[in-house]
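Written out below as C-alpha cells is the structure these notes cover.
The values are calculated or read from the model by the stated rules, or taken from the named source; none is laboratory data. This is a predicted model, so every value here is computed, not measured. Reconstructed Cβ throughout: ideal geometry from the backbone, glycine too, with neighbour counts over all protein chains shown. Just so you know, the surface numbers come from the protein's heavy atoms only, side chains and all, with ligands and any DNA or RNA stripped out. Shrake-Rupley method; radii C 1.70, N 1.55, O 1.52, S 1.80 Å.
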Amino acid sequence: RAGMAGVVVRGDGSQAVPDAEAAGAALLGTDRDAAWHQVFQLLSSVVGAHGARTAPLGEDALPGDLFALANAVAAAVGGAIAVEDLGRQILAYSTVPGQVVDETRRQGILGRQVPGSPENDEDYRLLYASEGPLKLPGVMADELPRLATPVRAGGELLGSIWAVDTGSLAADAADALRQGASAAAMLLLRARAADELARHLSSDLLRRLLDGSIEPAAAAHR
C-alpha cells in the first residue's frame, strides 16, 4: 500500500513470499546479525545510488537534507528540533523563525555537542531503552522539558531527535517526531554508507600508490 519497490527482512523471509508476490514487490533476505547500514551500502552500490555522494557526517560537512528535515519536524511538532548521533553530537538543528530554545540548546548548537552531566546520562539511558517518543523534564532549573525519540534502523540505534517543549507542542507531536525519526534513519544510513564507500575508495587508492600501480600525479588528481 505504501508503494515500496522492495522489502528486506532478517533471516528466513519465506513466510512473506505470498504477500510480496501479491504486492509485486521484491523480497530480499539478509543474515540476522547483518548491520542495516551495511545492507543499505550494498543495495546502494548495486543500484548505483552512490553516484550522487552525500558528504560524510563531520565537523564541517553535514548533509543539508538533515537540516531540512529538522525544520520540517519542528514545524510539525511545534518545538525547536535537534538531531544527534550516538556520541551526542548535534548533526542538525531547526532554524524556524520564532522558535524558542533554552541555554542548554544554545550551548549545544554552538559547541555542536550536548553538554555532559550525570542527569543527561540518565535521560539518554531512558531514551535509548524506549521504543518511541519519551517526555523528559528539564535537567536544570532554567531548562525546558524535552520530547525525544530514538532513531533506529531495524534494531540498530543510530541517534536521537529532541524537541524543546514549551508547553505548546502539537497534539500529534509524538507521531510527527516518530515519523521524523524514520526519515532521519534513512538520511543517517545514506550518509554513513557514502562515508564508508569514500573511505574504501581512498584506502584502495593509497594501496595502489604504495605498491606503485598508479602514478602520484594521477593519485593526487583522484
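Scanning the range 193-222 for residues that are open to solvent by 70 Å² or more (accessible area, probe 1.4 Å), charged (D, E, K, R) and either assigned to a helix (DSSP H, G or I) or under 30 Å from Gly78 (Cα atoms) (or both) yields Arg199, Arg207, Asp211. Restricting attention to the range 13-33, which residues are touching a strand residue (DSSP E or B) at 6+ places or on another chain (Cβ under 7 Å) and either within 20 Å of Met186 (Cβ to Cβ) or open to solvent by 50 Å² or more (accessible area, probe 1.4 Å) (or both)? Within the range 13-33, Val17, Ala25, Ala26, Leu27, Leu28, Gly29, Thr30, Arg32 meet the criteria.
The criterion of at least 2 residues that are of a type in the set (Ser, Thr, Tyr) and at pLDDT 90 or above is met by none of the strands (runs of 3 or more DSSP E) falling completely within the range 111-171. Close Cβ contacts (under 7 Å, 6 or more residues apart or on different chains) running from residues in the range 161-188 that are farther than 21 Å from Gln113 by Cβ to residues that are charged (D, E, K, R) comprise Asp165/Arg146; Ala185/Arg152. Filtering the range 80-104 to residues that are under 19 Å from the mean Cα position of the chain (by Cα) and in contact (Cβ under 8 Å) with a residue 40 or more places away in the chain leaves Ala80, Ile81, Ala82, Val83, Glu84, Asp85, Leu86, Leu91. The residue of the range 132-155 that is nearest to Asp85 (Cα to Cα), among those that are of a type in the set (D, E, K, R), open to solvent by 50 Å² or more (accessible area, probe 1.4 Å) and touching a strand residue (DSSP E or B) at 6+ places or on another chain (Cβ under 8 Å), is Arg152.
The single condition among (1) surrounded by 12 or more Cβ atoms within 10 Å (Cβ to Cβ); (2) within 22 Å of Ala176 (Cβ to Cβ); (3) not charged (D, E, K, R) that Pro97 does not satisfy is (1).
The set of residues from the range 6-22 being more than 18 Å from Ala153 (Cα to Cα) and among the aliphatic types (A, V, I, L, M) comprises Ala16, Val17, Ala20, Ala22. Annotation note: of Arg125, Arg178, Arg190, the sole residue that is under 15 Å from the mean Cα position of the chain (by Cα), open to solvent by 60 Å² or more (accessible area, probe 1.4 Å) and over 20 Å from Ala35 (Cα atoms) is Arg178.
Checking each residue in the range 52-90 for being modelled with pLDDT of 90 or more, in a loop (DSSP other than H, G, I, E, B) and within 20 Å of Gly111 (Cβ to Cβ) picks out Ala80, Leu86, Gly87, Arg88. Taking the range 104-122 as the range and being under 13 Å from Asp142 (Cα atoms) and open to solvent by less than 80 Å² (accessible area, probe 1.4 Å) as the test, the residues that pass are Thr104, Arg105.
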